[in-house]
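Read-outs throughout are calculated quantities, based only on the coordinates presented, and are distinct from any laboratory measurement. The structure displayed is predicted, hence computed values, not measured ones. As a convention, Cβ positions derive from the backbone with ideal geometry for all residues, glycine included, and neighbour counts pool all protein chains shown.
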């Protein structure tokens, strides 16, 4: 099968708070939105923020509260952009999980939780190329 | 900021069980792996499966057990491929969450949880184009 993730869907308890974080914090533009879901066109995939009750009904299982075992990363092009991006996210309803510092492999990263406690790593990873369309390539 | 997700990182309690699901179920090839992490090059982003304790240390917060409020989707090119993909995932340690049926917007989808209970939607969505590199485009 194609090595492909088509959609990342995040449960949102309050869609307007979630929208504020993604639109005003990240500065992203929705591709579509209504009272239940907001879609964003990403780098080769789609991000959806969907009311938790609707996602639960679609998956046919409830979702638990509390920190989940996953993280999303947004990579930026320089060390300086890590701090400015984190500041924008915190000003738009994000919550600081880890201030930016250097991971063992080099670069710089910190973590901010979105209003639904989904973890975002904001990272500068000089080893991994990002093209103009935002496509990110693994490099050891 | 670029509308970009650089990495999706999933916590794994047993990395070999997780690897079996992704390598033998999805048929994906790791770009890099060691005893702690497996990276897969995806469609413009990277998927990482990382030992839960290591992800927790990096995020500086524990991760809870139980179903989390997010889902990943893998889209296929035809209705028939949904069943065959789900069968492969179930044979490689996945757990059925929802048998495939038609969502309100059309197409076909079901849900399978990976060995760490992360939800994967396997979907045929005829409205959303997928190119040869696996890049998926939102279409209303």
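Annotations for the structure displayed:
- Quick note on region B:93-140: its Rg to Rh ratio, both from C-alpha atoms and Rh being the Kirkwood radius, is 1.04.
- Rough spin-label spacing in nm, given labels placed 7 Å along Cα→Cβ, for residue A:101 and residue A:132: 3.9 nm
- Considering only region B:1-104, percent of DSSP beta bridges that pair antiparallel, nearest 5: 55 percent
- An ellipsoid equivalent to chain B, defined through the eigenvalues of its Cα gyration tensor, has semi-axes of 25, 18, 15 Å when rounded to whole angstrom and sorted largest first.
- In terms of overall dimensions, region B:1-70 has a Cα radius of gyration and Dmax of 12.6, 36 angstrom.
- Antiparallel bridge percentage (DSSP; both residues within the protein assembly as shown; nearest 5): 65 percent
- Secondary structure note: in region A:66-125, about 60% of the DSSP beta bridges are antiparallel.
- Mean residue ellipticity, 222 nm, helices only, chain A: the sum of -39500 (n - 2.57) across DSSP H runs of n ≥ 4, divided by residue count and rounded to 500, is -5000 deg cm²/dmol.
- Mean per-residue shielding of peptide B:57-64 is 6, counting Cβ atoms of other chains within 10 Å of each Cβ.
- Region A:41-95-region B:63-140 distance, computed between alpha-carbon centres (Å): 19 Å
- Rg/Rh ratio calculated on Cα atoms of the protein assembly as shown (Kirkwood radius): 0.93
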